[in-house]
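Undergrad: Please read through the structure below; I'll follow up with questions.
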Amino acid sequence: MIVAAADGSSLSNPGPAGWAWFVDGDRWAAGGWKHATNNKAELMAVLDLLRQTKDAGDDLLVLCDSQYVINALTKWMPGWKRKGWKKADGKPVLNVDLLAELDRELAGRRVTFEWVKGHAGHDLNEAADTRARAAATAYQQGTAVDAGPGFSPDAPRPRDEVAIPRTPTHEPDLFEASPDPEPPTDEHPVIALQRAWVSDAVRGDRAEADALLHPRFMEHDARGRASGKGRTLASLAPLEDPVTVEVEGVDELAPWVVLLRWRARSRSAVTLRSSIWVRQGDTWRLRFEQQTPAVR
């Protein structure tokens, strides 16, 4: 198995940007642009790694400190493709050119992605980060970029390669914030679905609402009353006042379970809400929602 770290750097995001991947001192590469985002650089590092290792014939483990990259390539991309590279809210997916290329390169490959905490002393991640930042700095200063030796299956391997750590030295907490230098540009799909749930279009269409709710949906309202799916659908109607969804946090409790913490703000009231979304196949469904009154 080939174990490599991939990383990107943008000095002012967007600004002079560099990307790099690193296997060992004899196998690494770097590049960049005069002006790009950090997310674009992170994606390009993985894309170049896939291209250069295409004929190696080995499984590939890619270490990334970007949750955006991992989620985009392992969770969100199938849905984006079905929607014509559109997000759940109908807006175009950013970096679609790189994502489409990555989709083609991943086809038929045995590739695993693993998150590592950035700037935490992980040898491979630090090596990739150093080279990505050096490339960004070179573009900023107008100097030559050290592109590295690239990948060759015949390159000498360090004698202790088998000892390269495959797992992060820091185990991320379920509620830990993303380590990305910038917030992900593509929000989690459940946020758009939550907005849809409070919209007149869904609350005025029982079929649309039924498709959005989990069969075992349960709601606890601000007065402590509990309602199941049947009662909720029977009393469903457009809200008297338009509600704005203000996201407080998105916590992935498992790859198929997401806790969304948010504020529902209208002209007459503000409530704190916790929503649990469960993925069934490629569809996210609202499983539980609880409301708590809040001071405006």
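Undergrad: Looking at (1) closer than 22 Å to Thr292 by Cβ; (2) more than 27 Å from the chain's Cα centre (by Cα), which is the only condition Ala237 fails?
TA: Of (1) closer than 22 Å to Thr292 by Cβ; (2) more than 27 Å from the chain's Cα centre (by Cα), only one is false for Ala237: (1).
Undergrad: Tell me which residues, restricted to region 203-230, are out of contact with any strand residue (DSSP E or B) (no Cβ under 8 Å at 6 or more places or on another chain) and closer than 23 Å to Val270 by Cα.
TA: Matches in region 203-230: Arg203, Gly204, Ala209, Arg223, Gly224, Arg225.
Undergrad: Does Arg285 satisfy the criteria of being modelled with pLDDT of 85 or more, within 14 Å of Ala192 (Cα to Cα) and either in contact with a Phe, Trp or Tyr (Cβ under 8 Å, 6 or more places away or on another chain) or acidic (Asp, Glu) (or both)? Give the steps one after another, and end with the answer.
TA: Details: modelled with pLDDT of 85 or more: yes; within 14 Å of Ala192 (Cα to Cα): yes; either in contact with a Phe, Trp or Tyr (Cβ under 8 Å, 6 or more places away or on another chain) or acidic (Asp, Glu) (or both): yes.
In short, yes.
Undergrad: Looking at region 219-250 only, could you name the residues that are closer than 17 Å to Arg195 by Cα and either without any contact (Cβ under 8 Å) to a residue 12 or more places away in the chain or assigned to a strand (DSSP E or B) (or both)?
TA: Answer for region 219-250, where residues must be closer than 17 Å to Arg195 by Cα and either without any contact (Cβ under 8 Å) to a residue 12 or more places away in the chain or assigned to a strand (DSSP E or B) (or both): Glu219, Thr244, Val245, Glu246, Val247, Glu248, Gly249, Val250.
Undergrad: Across region 48-89, what is the total count of residues that are surrounded by fewer than 18 Cβ atoms within 10 Å (Cβ to Cβ), under 16 Å from Thr283 (Cα atoms) and touching a Lys or Arg at 6+ places or on another chain (Cβ under 8 Å)?
TA: Number of matching residues: 1.
Undergrad: Here's something else I'd like to know. Do you know which residues across region 108-125 are part of a helix (DSSP H, G or I) and surrounded by fewer than 18 Cβ atoms within 10 Å (Cβ to Cβ)? Steps first, answer last, please.
TA: The first filter runs over region 108-125 and keeps only residues part of a helix (DSSP H, G or I), leaving 123-125.
Answer for region 108-125, where residues must be part of a helix (DSSP H, G or I) and surrounded by fewer than 18 Cβ atoms within 10 Å (Cβ to Cβ): just Asp123.
The values are calculated or read from the model by the stated rules, or taken from the named source; none is laboratory data. Quantities reported herein were computed from a predicted structural model and do not represent experimental measurements. Counting neighbours? That spans all protein chains shown, and the Cβs are built from the backbone with ideal geometry, glycine included.
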